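J.: Structure below; questions to follow.
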Amino acid sequence: MAKHPVTMAIRALRSGGVAFEPHLYTWEPRGGTAASAAALGVDEHAVIKTLIMETDTRAPLCILMHGDREVSTKALARALGVKTVAPCTPDVADRHSGYQVGGTSPFGLRRAMPIYVQRTILDLPRIWINGGARGFLVSLSPLAAQALLAPILVDAAA
């Protein structure tokens, strides 16, 4: 296997003592989790996407969702007690997270922000999530990710 990058996400995982396995693949623009799941031969439901969004007051947040599901922004806004939640534009998401869209990881975010997790993700035995670069996922226990991120659990799947 080729040497994997040492990103802020990898540094955060290592400093948190989280066991993970790196996975490199050929990144496809607009391929999303379907392309990464196919490239790695895993179920797209276990590939977790990291999305950067903003509330109506422009407060940033991070939400983790199953790769084969969409986020219901209405359900998320209700859970947060705000009027609206919307995805950030790619350049705004990059500024908030410190990562390039397509390589956004919830670990080692540039800016401190609340992290929300679709609660059913914790039921999976293993997840594949971005390691902080395009074409780079890490697999780990969802409970280890929960311990490191201390996220807020939500039901926001559409």
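All of the numbers you see were taken from the coordinates with simple rules; none came from a lab. Since the model is a prediction, treat every value here as computed from it, not as a measurement. Here the Cβ is made from the backbone with ideal geometry for all residues, glycine too, and neighbour counts use every protein chain on show.
J.: Does GLY108 meet the test of being touching a strand residue (DSSP E or B) at 6+ places or on another chain (Cβ under 6 Å), surrounded by fewer than 22 Cβ atoms within 10 Å (Cβ to Cβ) and assigned to a loop (DSSP other than H, G, I, E, B)?
T.: Spelling it out, it is not the case that GLY108 is touching a strand residue (DSSP E or B) at 6+ places or on another chain (Cβ under 6 Å), surrounded by fewer than 22 Cβ atoms within 10 Å (Cβ to Cβ) and assigned to a loop (DSSP other than H, G, I, E, B).
J.: Additional query: Is it true that some residue in segment 57-72 is in a helix (DSSP H, G or I) and not basic (Lys, Arg)?
T.: So far as segment 57-72 goes, no, none of its residues is in a helix (DSSP H, G or I) and not basic (Lys, Arg).
J.: Looking only at residues that are closer than 14 Å to ASN130 by Cβ and not hydroxyl-bearing (Ser, Thr, Tyr) in segment 50-65, which one is surrounded by the fewest Cβ atoms within 10 Å (Cβ to Cβ)?
T.: Top of the filtered list is LEU51.
J.: Quick one: what pairs do we get from segment 93-105, first residue farther than 18 Å from ALA59 by Cα, second aromatic (Phe, Trp, Tyr) and surrounded by 17 or more Cβ atoms within 10 Å (Cβ to Cβ), C-beta under 8 Å, 6+ apart or different chains?
T.: Final answer for the pair search is GLY103/PHE136; SER105/TYR99.
J.: Counting only residues that are over 21 Å from THR120 (Cβ atoms), surrounded by 14 or more Cβ atoms within 10 Å (Cβ to Cβ) and not small (Gly, Ala, Ser), how many does segment 85-105 have?
T.: Selection size over segment 85-105: 7.
J.: Quick one: ILE121 ticks every box in (1) touching a helix residue (DSSP H, G or I) at 6+ places or on another chain (Cβ under 7 Å); (2) buried (at least 16 other Cβ atoms within 10 Å of the Cβ); (3) touching a residue at least 60 places away in the same chain (Cβ under 8 Å); (4) not in a helix (DSSP H, G or I) except a single one, so which number is it?
T.: It is condition (4) that ILE121 fails.
J.: Here is a check on your reading of the model: is ALA39 of a type outside the set (D, E, K, R) and over 23 Å from ASP123 (Cβ atoms)?
T.: Yes.
J.: Now a separate question. Find the residue count for segment 1-39, including only residues that are assigned to a helix (DSSP H, G or I), at negative phi and under 17 Å from the mean Cα position of the chain (by Cα).
T.: 11
Here is a yes/no grid of residues against (1) free of Cβ contacts under 8 Å to residues at least 12 places away in the same chain; (2) of a type in the set (A, V, I, L, M); (3) surrounded by fewer than 17 Cβ atoms within 10 Å (Cβ to Cβ); (4) within 23 Å of LEU109 (Cβ to Cβ):
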position: LEU13; (1), (2), (3), (4): no, yes, no, yes
position: GLU28; (1), (2), (3), (4): yes, no, yes, no
position: SER36; (1), (2), (3), (4): no, no, no, yes
position: ILE48; (1), (2), (3), (4): no, yes, no, yes
